[in-house]
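Here's the structure, in C-alpha cells; my notes come after.
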Amino acid sequence: MPEGASRDSAMAEISEAPTSSDPPNTKSEEEHFDPKTMRKTKPGLKRLFLTLTVFISFLIALPFLLKSIEIYRAPLPFEDIDLLSTEMEKNHLLFPCQFQVVFVNFDDITAVNDLGLLIDSHMQKLTSENSPPCGACGNNVTVAVTIDSNSNCIHSESGNGNSKWQCGMLNGFDKVNDHDEDFDEYLESVLDSKNRKVYTVVVMNRKQEDVRIVVGKYRHAWIVGNDSVEKAVEKMAEIFIKVFVNGGKEEGSIRGEFMPVGADGKVVLSFSLLNSDPHDWVYDWDFKELDEILLAPVVDALRPVADISVESQVLYHTPKSSYSYWDDTQGSYIFSTKDLPFFVNSNEWHLDTSTAAGGRSKVLHFVLYVPSAKECPLKLQLPNGEISMTNGFISPMWGGIIVWNPPACVENFQMQHLSRHKISSEDLKMISEVFMGQLRQLFGLKSESLYVGGFATSVLLTSDKGFAEWELDVLSRHHTCFNLLQCGTTLGSLSRLVQSLPRMIIMDEIGKQVKYSLEAAKLSLGNVSLGYSDASAVSSRKARALAEDAFYHPSMMSVSYYSFEHCFAVYSPFFLPVSLHVLLAVMREWKRYKVENRKYLAWKVKVKVE
C-alpha cells in the first residue's frame with residue numbers, strides 16, 4: 001500500500017473512533033440516526049424570513065399601487081335621479097288653473113253653484129276627448145261663477161275672495177263691440193289678471209243678432225249677444241280649454257312638438273338682409289328701428305321661456321338655389337311651395353357667422369331676401385293657386401324667409417348702379433309684422449287673429465309685444481314640461497352610463513351640476529303645484545341646462561373608454577410575473593421549512609424514546 005493512502009486511512013479511523021470524552025451511548029445513536037428523515041439541529045428561519053419580507057413588502061405596496069391608479073368619482077344621488085326620471089316618464093305635469101265666469105244682465109239665473117258644476121262638466125268633456133297633455137290643467141281646476149244683474153249680485157261658494165268680481169263695473173260701457181282695445185284694458189284694470197293669474201270670461205246679455213266672442217291680450221275674454229245660458233256655457237268651456245289652456249292648438253302632447261330653444265335655454269335670433277345681385281341695387285335697413293319695433297318687447301316677454309339674444313348682418317351676392325318662371329297673369333316671377341326646400345342657397349348664404357351661437361344654443365334665422373332685377377317681382381304661389389299675402393315662409397327649427405320686392409322692380413324705373421338705398425319705415429314695419437308671425441309659428445302658436453272652434457269663432461286681440469299673456473302662460477307651461485322631461489331623461493342616461501363604467505372619472509363639478517339640476521327640478525315642480533308658470537319655466541330651464549352640462553362635461557367624455565381591462569393590460573406585464581415568482585418562493589420556502597422542522601422533531605422524539 002502506498003504511504004499516502006495508509007496515512008489517510010489511519011486518520012479516518014482516528015476521526016470516526018469514539019474519544020474517551022464521548023458518552024458511552026454515542027455509538028448506538030449514530031447507528032439509529034437516518035439523515036433522510038431526521039436532523040439534529042433546528043432548521044433556520046433566515047431564508048423564510050427573507051422571502052416573507054419580500055412578499056409582505058409587496059402586500060404593503062399594493063394599496064399604494066391601487067391608490068395611484070384610482071379613478072376619482074364624485075358621489076351622485078342615483079336614487080333621486082331615478083325618482084325624477086320615473087316620475088317624468090309616467091306622470092304628466094298638470095297645473096292648477098283658476099277660472100272665473102261672470103254673467104251680466106241674466107236676471108233669471110240664481111243657482112250659481114249648479115251653474116259652476118255644469119261649466120266644469122263641459123270642461124271635463126273637452127279634456128277627456130284625449131288624455132290631458134303635459135302642461136294642461138286636467139281635473140285640477142276651480143270655477144267661480146258670479147251673477148251681475150240689476151236685481152242680483154250672487155257669487156258661488158268656490159270663488160276666491162281676492163279675485164271676486166265687483167258687481168256694477170260694466171254699467172258705463174254701452175258700446176263694447178266698437179272699442180275692443182279699450183274694453184280689454186278696462187277689464188285688465190278691474191281684474192288685474194297679471195298678478196292674480198285668474199282666467200275670466202264675461203258673458204253680457206244684449207239684444208243683438210250675432211253673438212260676438214273676443215279673447216283679449218291678457219287673461220280674459222268676453223261674449224256679447226242674446227244667447228242662451230246653455231250655449232254660453234258650451235262656448236266659455238271651449239274658450240277655457242281650447243284657448244286659454246291649449247293655446248288654440250288641436251294637438252295635445254308637448255312630446256311631439258319642436259321646441260326652438262337650445263339645450264342651454266338660449267336662443268339667438270339672427271336677422272340677415274340678402275342682396276341677391278348688388279349690381280342691380282343695394283339695400284340696407286335701420287336694424288335699430290326694427291329692434292325697437294319688434295325685438296325688444298319680444299325678448300322681454302319671452303324671458304321666462306328662453307334667454308334671447310339678437311344679431312343682424314347684411315350680405316351681398318346671395319342668389320337663391322331654386323328656379324322661378326314668369327307668369328303673365330300675375331305679371332311677376334313665380335316660385336311655388338314645391339321649390340321651398342331648395343330656396344336656401346347653403347353655398348352662398350353664409351348665415352352662421354355668430355360667435356354668440358356657440359355651444360348648444362339654438363339659432364333661428366330670419367332672412368329678408370331682395371331678388372335681382374332678372375327675377376323681380378318675385379312672388380310665392382300657394383298650393384291653392386293664390387299668391388301669398390306675406391310672400392314668406394318658415395322652415396321648422398331653422399327660421400323664416402321673406403321675399404321683399406323693392407320699389408325699383410314694382411314701379412319699373414331704373415336706378416343707379418351700386419347706389420345704396422334704405423328700406424323705408426313703413427316697409428320695415430310690415431316686414432316686422434311678418435317676422436313676428438313667423439316667430440309665433442316657430443314657437444307653436446298660430447299667426448291668425450281668429451280662432452275657429454267647434455261652437456263659435458273667436459276674435460283674438462294682438463299684443464304689442466307679439467304674445468298675449470295667456471299665450472305666454474301656454475308657452476311657459478309647455479316649456480316647463482319639455483324641460484323637465486329632458487332633464488329627467490338626461491340625468492337618467494347619465495346615471496346609467498356612470499354605473500355601467502366603473503372606471504369613468506366623475507369630477508366634483510359634475511356632482512355639483514347634478515345636485516343643482518335636481519334642486520332646480522324640485523323647485524320647478526313645487527312652482528307647478530302652486531300654479532306659477534313663469535317661475536316654473538325659469539327653474540326648469542336651469543335644471544335642463546345643468547343636466548346637459550353634466551352629461552357633456554369634457555372630463556367625463558375623454559376617459560369614458562378607460563375600462564378595468566385596459567388598466568389590467570397596462571400593469572400586468574410587470575407586476576404579474578414578479579408577484580408570481582415571489583409567491584412561489586414563499587410557498588417553496590414554507591414547504592421546505594415544514595419538512596426540515598418535521599425531521600428535527602422526529603429526531604427529538606427518537607432521542608427521548610431511547
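The values are calculated or read from the model by the stated rules, or taken from the named source; none is laboratory data. Quick caveat, the model's predicted, so the values are computed rather than measured. Positions of Cβ are generated from backbone atoms using ideal geometry, with glycine treated the same way; all protein chains shown enter the neighbour counts. With ligands, DNA and RNA removed, areas are computed over all heavy atoms of the protein, side chains included. Shrake-Rupley method; radii C 1.70, N 1.55, O 1.52, S 1.80 Å.
Key figures
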quantity: Cβ-derived FRET efficiency at R0 30 Å, Ser388 paired with Arg420, nearest 0.05; calculated: 0.60
quantity: Candidates per GluC sites (Glu not before Pro) in segment 47-111, loop by DSSP, up to 11 other Cβ within 10 Å; calculated: Glu70
quantity: Highest average packing first - 491-498, 327-334, Cβ atoms within 10 Å; calculated: 491-498, 327-334
quantity: Rounded accessible area per residue of the chain, 1.4 Å, Å²; calculated: 53 Å²
quantity: Trypsin sites (Lys or Arg not before Pro) within segment 203-243, DSSP loop, no more than 13 other Cβ atoms inside 10 Å; calculated: Lys207
quantity: Cut-off under 5 Å, modelled amide H: who pairs with Ala468 long-range; calculated: Ser463
quantity: Cα gyration tensor category, rounded, prolate or oblate, for segment 434-565 with a/c compared to 1.5; calculated: prolate
quantity: Other-chain or far-sequence residues with amide H under 5 Å of Gln100's (modelled H); calculated: Ala144, Tyr199, Thr200, Val201
quantity: Cα-only Debye scattering, segment 436-496: base-10 log of I(q)/I(0) at q = 0.13, 0.15, 0.26, 0.30 Å⁻¹; calculated: -0.50, -0.60, -1.11, -1.22
quantity: Derived scalar couplings ³J(HN,Hα) [segment 164-171; Karplus, 6.51 cos²θ - 1.76 cosθ + 1.60; whole Hz; x for Gly, Pro]; calculated: 5, 6, 8, 5, x, 6, 9, 5
quantity: Label-point separation, His279 to Leu576 (7 Å along Cα→Cβ), nm; calculated: 7.3 nm
quantity: The chain, dipole about Cα centre (Lys/Arg Cβ +1, Asp/Glu Cβ -1), debye to the nearest 20; calculated: 4240 debye
quantity: Net +/- balance of residues flanking Met389 in space, Cβ distance below 13 Å, scoring K and R +1, D and E -1; calculated: -2
quantity: Options Ala263, Ile81, Trp590, ranked by Cα towards positive dipole end of the chain, top entry (Cβ charges); calculated: Trp590
quantity: Sequence ranges 39-47, 530-538, 118-126, ranked by mean other-Cβ count within 10 angstrom, highest first; calculated: 530-538, 118-126, 39-47
quantity: Cα centre as origin, Lys/Arg/Asp/Glu Cβ charges: segment 97-252 dipole, Debye; calculated: 420 debye
quantity: Hydrodynamic radius (Kirkwood) for segment 266-443, which is based on Cα pairs only, to one decimal in Å; calculated: 16.9 Å
quantity: Average projected area [Cα convex hull, segment 97-252], square nanometres; calculated: 8.9 nm²
quantity: Estimated inter-spin distance, Phe342 and Lys231, nm [label 7 Å along Cα→Cβ]; calculated: 5.3 nm
quantity: For the chain, cysteines whose Cβ has no other cysteine Cβ within reach (under 4.7 Å); calculated: Cys487, Cys567
quantity: Segment 30-92: chymotrypsin sites (Phe, Trp or Tyr not before Pro) falling in loop per DSSP and having at most 10 other Cβ within 10 Å; calculated: Tyr72
quantity: Chain lengthening between His350 and Asp34 when straightened (0.36 nm per residue, less Cα-Cα); calculated: 103.7 nm
quantity: Gain on full stretching of the segment that runs from Lys429 to Lys606 - 0.36 nm per residue minus C-alpha separation; calculated: 51.7 nm
quantity: Amide proton proximity set for Ala74, modelled H, under 5 Å, gap of 5+; calculated: Ile506, Met507
quantity: Apportionment of accessible area to carbon and sulfur, the chain, percent (1.4 Å); calculated: 55 percent
quantity: Per-peptide average of other Cβ atoms within 10 Å, ordering 500-506, 434-440 highest first; calculated: 434-440, 500-506
quantity: Computed helical MRE - 222 nm, the chain, DSSP H runs ≥ 4 contributing -39500 (n - 2.57), nearest 500; calculated: -13500 deg cm²/dmol
quantity: Helix runs (DSSP H) in the chain reaching 30 Å along axis by Cα, Kyte-Doolittle at least 0.5; calculated: 46-68
